[in-house]
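**Student:** Take this structure first; my questions come after.
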Amino acid sequence: MSTGIGISNVGAMSQFVGEFDVTSRLTDLTYHCRFSHLWNGVATRHSDTVDTKFLVDGKGSIVGLSHPGIVQFTAQSGRDLSDRELSYVAAQYLREQLEQEDERPLYDVSAADVLRIIGLLGIR
């Protein structure tokens with residue numbers, strides 16, 4: 001995916017990211033993932049994040065994207081990220097963690113990782 005104009009928030013939030021499977025590189029265990037929604041983590045966890053919720057094999061898992069990383073992208077690119085783009089960033093981070101069989105209920109994604117994944121996905 002490469003975009004300079006952004007990907008709009010068309011459709012239901014729960015459909016921003018399609019269901020996907022991730023196979024652990026360590027044990028070949030396969031995880032089934034489904035995106036649920038995102039919200040501002042400041043209000044609920046008192047964290048400087050945008051939180052995204054996924055169901056991993058039916059269990060809730062939160063991927064908290066560092067807000068300073070999002071702000072840095074906005075300053076560099078001159079545009080805001082859409083909720084859909086943020087859901088893609090969170091899904092990629094979750095994939096990376098599950099490939100290493102790092103399954104947990106909460107991931108806090110650093111600003112550096114947010115920016116790395118934005119670049120990896122080709123979001124501009």
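The values are calculated or read from the model by the stated rules, or taken from the named source; none is laboratory data. Keep in mind the model is a prediction, meaning the values are calculated, not measured. Virtual Cβ from ideal backbone geometry, glycine too; neighbours counted across all protein chains shown.
**Student:** Which helices (runs of 4 or more DSSP H) does region 26-122 wholly contain that include 3 or more residues that are without any contact (Cβ under 8 Å) to a residue 24 or more places away in the chain? Don't jump to the end; show me each part of the working.
**Tutor:** On the way: elements: 41-45, 67-77, 83-99, 111-121.
Of the helices (runs of 4 or more DSSP H) lying wholly inside region 26-122, those with at least 3 residues that are without any contact (Cβ under 8 Å) to a residue 24 or more places away in the chain span 41-45, 67-77.
**Student:** Working carefully through the options S66, S77, S87, S82, find the one that is at negative phi and buried (at least 22 other Cβ atoms within 10 Å of the Cβ).
**Tutor:** On inspection, the qualifying residue turns out to be S87.
**Student:** Using the structure shown, decide if Q72 is surrounded by fewer than 21 Cβ atoms within 10 Å (Cβ to Cβ), within 23 Å of D28 (Cα to Cα) and out of contact with any His (no Cβ under 7 Å at 6 or more places or on another chain).
**Tutor:** Against the criterion (surrounded by fewer than 21 Cβ atoms within 10 Å (Cβ to Cβ), within 23 Å of D28 (Cα to Cα) and out of contact with any His (no Cβ under 7 Å at 6 or more places or on another chain)), Q72 does not qualify.
**Student:** Okay, next question. Can you name every residue in region 26-46 that is at pLDDT below 95, under 17 Å from the mean Cα position of the chain (by Cα) and loosely packed, with under 15 Cβ neighbours inside 10 Å?
**Tutor:** H37, N40, V42
**Student:** Taking D57, is it under 29 Å from L26 (Cβ atoms), among the charged types (D, E, K, R) and crowded, with 18+ Cβ neighbours inside 10 Å?
**Tutor:** no
**Student:** Can you name every residue in region 2-25 that is touching a strand residue (DSSP E or B) at 6+ places or on another chain (Cβ under 7 Å) and either assigned to a loop (DSSP other than H, G, I, E, B) or modelled with pLDDT under 95 (or both)?
**Tutor:** T3, M13, S14, F16, V17, E19 - these are the residues of region 2-25 that are touching a strand residue (DSSP E or B) at 6+ places or on another chain (Cβ under 7 Å) and either assigned to a loop (DSSP other than H, G, I, E, B) or modelled with pLDDT under 95 (or both).
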